[in-house]
1. In the stretch 55-63, is there at least one residue being modelled with pLDDT of 95 or more, among the polar types (S, T, N, Q) and not in a helix (DSSP H, G or I)?
2. From the list Leu76, Leu66, which residue is in contact with a Phe, Trp or Tyr (Cβ under 9 Å, 6 or more places away or on another chain), among the aliphatic types (A, V, I, L, M), surrounded by 13 or more Cβ atoms within 10 Å (Cβ to Cβ) and not in a loop (DSSP other than H, G, I, E, B)?
3. I need a count of the residues in the stretch 26-47 that are charged (D, E, K, R), exposed (fewer than 13 other Cβ atoms within 10 Å of the Cβ) and not in a loop (DSSP other than H, G, I, E, B).
Amino acid sequence: MVHQWKQRLASLSAFGSEAELSAPRVELCANKQAVIEGCAGIVEYSETHVRLNCKTIVLELEGFELCLDHLSSSQLCVSGQLTLLRFLQV
């Protein structure tokens, strides 16, 4: 019984590590702000639409008065009134 539990835990740990490497991390603060880590570039940007290249997927945000507040090599922050967050397959 204990052996099965350890195997299951090991497989979950491995899955989490692999998923972290290939997927973006998105942190939302209500509908006012989104902080995205793992973004490879900006595909489209306007006051109502932001589309981001996140390696294996494209992250799409829609809303009103959208603004890129913080942009670095590891993180991007979009603020405004967010109405939609969508993950699109590449």
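1. no
2. On the way: Leu76 fails: in contact with a Phe, Trp or Tyr (Cβ under 9 Å, 6 or more places away or on another chain).
It is Leu66.
3. As a first pass, look at the stretch 26-47 and keep what is charged (D, E, K, R): 27, 32, 37, 44, 47.
Of the ones still in play, those that are also exposed (fewer than 13 other Cβ atoms within 10 Å of the Cβ) are 27, 32, 44, 47.
When the remaining residues are screened for being not in a loop (DSSP other than H, G, I, E, B), the result is 27, 44.
Count: 2.
The values are calculated or read from the model by the stated rules, or taken from the named source; none is laboratory data. Bear in mind the structure is a predicted one, so any value in this text is a computation, not a measurement. FYI the Cβ positions are ideal-geometry reconstructions off the backbone, even for glycines, and counts take in every protein chain you see.
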